[in-house]
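A short worksheet on the structure shown next.
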Amino acid sequence: MNTCDCVKWSIVPIEECTWDSVQAMLPRVSEQRRTQALQYKHAFGQYACLKSYLMLQDLLREHYDIECDLLFTYNEYGKPELDIRGANRVDNEQKPQFSISHCKQAIAVAVSNTPVGIDIETLRHPSESLIEKTMNEQEKEQIAAADSMDEMFTVLWTRKEAVLKYLGTGIVDDLHNVLSNTNNFCISTFRVSPTTLCSICTGKI
């Protein structure tokens, strides 16, 4: 399933998050990505950093015929963007957009011709203080009325995260109204596993 034809994504369960798997991936990524991965102290952080790079590389090879090592630049909010100067038949000003997310159970990567945001989360039981901090009154009513409070909170949370990643701003101080005006967005939310949900946000075409 796709939010729109221009969006392609890959979701891979985390099954072998070990130091051996990390060591096996290190030679397969750019020097920039190796440096970034090794800044994490734990195997999970290194694994997710390396695996998401390889997933992105596979998607770009399949859908954009990009074979080069991937290098990244970062905007003022820390959002990564591709720096693919010299890639075959790809102009840097027309470079594909991408988004990466991971949770304890899976890694998700999306690519598109236009801005895209993806977020994947394991179902979580929110505290009252977290709900107050992140949800507006309508959303709090949705959570309270839902058959599964954990699922409804996670649905709303992934949708907010996907929108913020689409916008490229990262987490903002006011999370209450992120979904208040979605007329310009197309957001798709779906279940990846019994305990994992994913949302993808693109602009409306």
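The values are calculated or read from the model by the stated rules, or taken from the named source; none is laboratory data. Bear in mind that the values here come from a model prediction, so they are computed numbers and not experimental data. When we count neighbours, we look across all protein chains shown, and the Cβ atoms used for this are built from the backbone with ideal geometry, even at glycine.
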ask   = Of all the residues that make up the range 21-69, how many are part of a helix (DSSP H, G or I), charged (D, E, K, R) and either touching a helix residue (DSSP H, G or I) at 6+ places or on another chain (Cβ under 8 Å) or buried (at least 16 other Cβ atoms within 10 Å of the Cβ) (or both)?
value = 4
key: Only one of Ile143, Ile187, Ile118, Ile131 that is in contact (Cβ under 8 Å) with a residue 12 or more places away in the chain and within 27 Å of Cys17 (Cα to Cα)   = Ile118
message = aliphatic (A, V, I, L, M) and more than 20 Å from Ile107 (Cα to Cα): is that true of Leu179 in this structure?
response = yes
inquiry  = I'd like to check something: does the range 100-108 contain any residue that is of a type in the set (S, T, N, Q) and at pLDDT below 90?
reply    = no
task = Return the total of residues in the range 91-117 being assigned to a loop (DSSP other than H, G, I, E, B) and under 10 Å from the mean Cα position of the chain (by Cα).
result = 1
remark   = Checked against (1) free of Cβ contacts under 8 Å to residues at least 60 places away in the same chain; (2) more than 15 Å from Gly117 (Cβ to Cβ), Lys160 satisfies every condition except (2)
query = Is it true that Thr158 is surrounded by fewer than 16 Cβ atoms within 10 Å (Cβ to Cβ), at pLDDT 95 or above and closer than 22 Å to Tyr47 by Cβ?
reply = no
remark   = Here the residues within the range 118-159 that are touching a strand residue (DSSP E or B) at 6+ places or on another chain (Cβ under 8 Å) and assigned to a helix (DSSP H, G or I) are Glu151, Thr154, Val155, Trp157, Thr158, Arg159
key: Of all residues in the range 171-203 being of a type outside the set (A, V, I, L, M, F, W, C) and closer than 19 Å to Thr122 by Cα, the one that is surrounded by the fewest Cβ atoms within 10 Å (Cβ to Cβ)   = Pro194
ask   = How many residues does the range 127-180 contain that are within 22 Å of Tyr77 (Cα to Cα) and among the aromatic types (Phe, Trp, Tyr)?
value = 2
query = Restricting the range 95-114 to residues that are touching a Cys at 6+ places or on another chain (Cβ under 6 Å) and surrounded by 19 or more Cβ atoms within 10 Å (Cβ to Cβ), which is nearest to Pro13 (Cα to Cα)?
reply = Ala108
